[in-house]
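The values are calculated or read from the model by the stated rules, or taken from the named source; none is laboratory data. Given the structure is predicted, the values throughout are model-derived calculations rather than measurements. Ideal geometry is used to build each Cβ from the backbone, glycine not excepted, and the neighbour counts take in all protein chains shown.
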Ligand SMILES: NC(=O)c1ccc[n+]([C@@H]2O[C@H](COP(=O)([O-])OP(=O)(O)OC[C@H]3O[C@@H](n4cnc5c(N)ncnc54)[C@H](OP(=O)(O)O)[C@@H]3O)[C@@H](O)[C@H]2O)c1
């Protein structure tokens, strides 16, 4: 009963705001000047479909060269054809795997790429428990561990420019979990709950962004974490079929769901560590008192992820 009440409260509070209704209302007051990314190099993960694909196309149409990483070479090729000629470079990679993520970073470094904007967009909500070939719970590896690896490696090897922008695609789902380092990688299927694991990872992204802002912000780099709202994508349809059936008529389209990512990269607003961006504005970091309670810290999360990567 308590859980049902919590769910009703969550939807009552956020449905209008997170769907196209909230976007439509807020966007009435926004500056509509098109961004100019001419001369920039972007790296977008989870780029072959959904929000990642929309980000790639927008950045490319506004002047950037975009390195697009996802698993499906066929979907990436279709994306290359849709973008302006020569603007999208496909990088087929499985970002659930540390080995593949390391290989991607190594290739970019070897090629001498200098990246202006990194969008850590890839993210999955697995209702069914799955382990990667490397023995990690798949959504943990995809949603946070390999974001950490890719970002750290690119910074360490100076493939991210000193004034670059990193946008981490979190979710309003993070409102449902505190920072819980021990629950990042649940490898016991009996203890795994897909929606909760997703919330834990998405909260983790907010905390990791704080860590990065504090560590690398003074060097001039810009780190942001954001919520796209609820957008119509294959991922939502697959992972939340009932949610999709009920809300699909008012879900955001790709342009609406990615507006804040594009706006952050274009405007680089100053913000305190941990600012959670949604529809071009800072939003509350916690919707419930209970999620403020944690003994874990952003630095502790980073240390845990580093330790996890060192096991390989
Ligand atoms: N849509 C929403 O309403 C919503 C709301 C809140 C937050 N978000 C967040 O926004 C991000 C994008 O969501 P979405 O709805 O666009 O997802 P989506 O429709 O499932 O698209 C995911 C993309 O990621 C790629 N991908 C999945 N697993 C991968 C892996 N292991 N390695 C490399 N690429 C992989 C997929 O392509 P391949 O199959 O080719 O690999 C696809 O291009 C996620 O972080 C999600 O949590 C979305």
Next on the checklist: Yes or no: the stretch 238-256 includes at least one residue that is part of a helix (DSSP H, G or I), touching a strand residue (DSSP E or B) at 6+ places or on another chain (Cβ under 7 Å), within 13 Å of the ligand (Cβ to nearest atom) and modelled with pLDDT of 95 or more.
Outcome noted: yes
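Would you point out which residue out of 186, 195 is in a loop (DSSP other than H, G, I, E, B), over 14 Å from the mean Cα position of the chain (by Cα) and farther than 24 Å from residue 30 by Cβ?
Among 186, 195, only 186 is in a loop (DSSP other than H, G, I, E, B), over 14 Å from the mean Cα position of the chain (by Cα) and farther than 24 Å from residue 30 by Cβ.
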Checklist entry - Does the stretch 200-221 contain at least one residue that is crowded, with 19+ Cβ neighbours inside 10 Å, part of a loop (DSSP other than H, G, I, E, B), within 16 Å of the ligand (Cβ to nearest atom) and free of Cβ contacts under 8 Å to residues at least 40 places away in the same chain? => result no
Checklist entry - On the given criteria, is residue 52 touching a strand residue (DSSP E or B) at 6+ places or on another chain (Cβ under 6 Å) and either assigned to a helix (DSSP H, G or I) or at pLDDT 95 or above (or both)? => result yes
Item to check | Candidate set: the stretch 74-105, residues that are in a helix (DSSP H, G or I), more than 8 Å from the ligand (Cβ to nearest atom) and in contact with a strand residue (DSSP E or B) (Cβ under 8 Å, 6 or more places away or on another chain); chosen: the one farthest from residue 49 (Cα to Cα) | outcome: 104
Next on the checklist: Restricting to the stretch 113-131, give me the number of residues that are under 24 Å from residue 262 (Cβ atoms) and either part of a loop (DSSP other than H, G, I, E, B) or out of contact with any strand residue (DSSP E or B) (no Cβ under 7 Å at 6 or more places or on another chain) (or both).
Outcome noted: 7
Checklist entry - Scanning the stretch 242-254 for residues that are surrounded by 14 or more Cβ atoms within 10 Å (Cβ to Cβ) and touching a residue at least 24 places away in the same chain (Cβ under 8 Å), which turns out nearest to residue 37 (Cα to Cα)? => result 254
Item to check | Matching residues in the stretch 91-126 - criterion: being at negative phi and surrounded by fewer than 16 Cβ atoms within 10 Å (Cβ to Cβ) | outcome: 99, 103, 106, 107, 109, 110, 111, 114
